[in-house]
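All remarks here apply to the structure that follows.
Derivation of every value follows stated rules applied to the coordinates shown; laboratory data play no part. Nothing here was measured: the structure is a model prediction, and the numbers come from that model. In this analysis, Cβ positions are derived from the backbone assuming ideal geometry, glycine residues included, and neighbour counts consider all displayed protein chains.
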Amino acid sequence: MVKYQNPELDRIFSALADPTRRALLAQLGDHEAVSVSELARPFAMSLPAVMKHLDVLSDAGLVTRSKTGRTVTCQLNAAPMEEAMNWLTRYQIFWTRQLDRLQALLEEDACQPSRNPSPPGLSLVPASGPASPSDAGSTPRRPRSTPRGRTPKG
C-alpha cells in the first residue's frame, strides 16, 4: 500500500520551503556549531524572528540546539534530509525514464525517411491555378460589429 501521509516529510519540506531557513542551514553546513547571534548577523531581521525560523528547523529535526551558559549554539542534523532525498529520487528516476523514452522516440523519428513524397525544395502547392476546384469568386465577409459612431434608428 502506498503511504501518502507522512508528517515528518511534510515538516522537512515545509522547513526547506523558506529561503531564510535554507540560508540558515547553509551557514550551519559550513561550521560545526554556530551561536544563534552569529547565525542572525547576516539577516536584516530581529533575533526573535531568527529564533522562530530555528524553531521550525528544529521541529523538522534539521537543527539541534545546545545551551552553554547564556549562549545557544546550533548544529546541522542532515539525517532527516535523507528521507526527503529518497522521496525526490523516486521522482527523478521516473522523469529520467520518461525523458530517455522521449529521446529514443525523437532519434527513431529522425532516422526514418521523410514521409513527404515530393523531393526536397518542391512545394506541394501548385504555382498557378485556383486554390479550389470552384471558379466562383469569394464573397466578402460582413463586418463583425457596427462601425463607430451613432447607430441609425430603424
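What residues have an amide H closer than 5 Å to that of S35, excluding those fewer than 5 places away on the same chain, when H is modeled at 1.01 Å from N in the peptide plane?
Here C74 satisfy the definition.
Need one number: nm distance between label points at S14 and Q92, each 7 Å from Cα along Cα→Cβ, rounded to one decimal.
2.6 nm
Considering just Cα atoms, how many Å³ per residue does the convex hull of segment 7-78 enclose?
Working: hull volume 5.7 nm³, N = 72.
Taking only Cα atoms, segment 7-78 has a hull volume of 79 Å³ per residue.
If I stretch the segment between S46 and Q5 completely, what's the gain in nm (0.36 nm per residue apart, minus their alpha carbon distance), one decimal? Walk me through the numbers on the way to the answer.
Numbers: separation 41, 0.36 × 41 = 14.76 nm, distance 3.47 nm.
Stretched out fully, the S46 to Q5 stretch lengthens by 11.3 nm.
What spacing in nm lies between the two simple spin-label points modelled at Q103 and E32, each 7 Å away from Cα in the Cβ direction?
Rounded to a tenth, the inter-label distance reads 4.4 nm.
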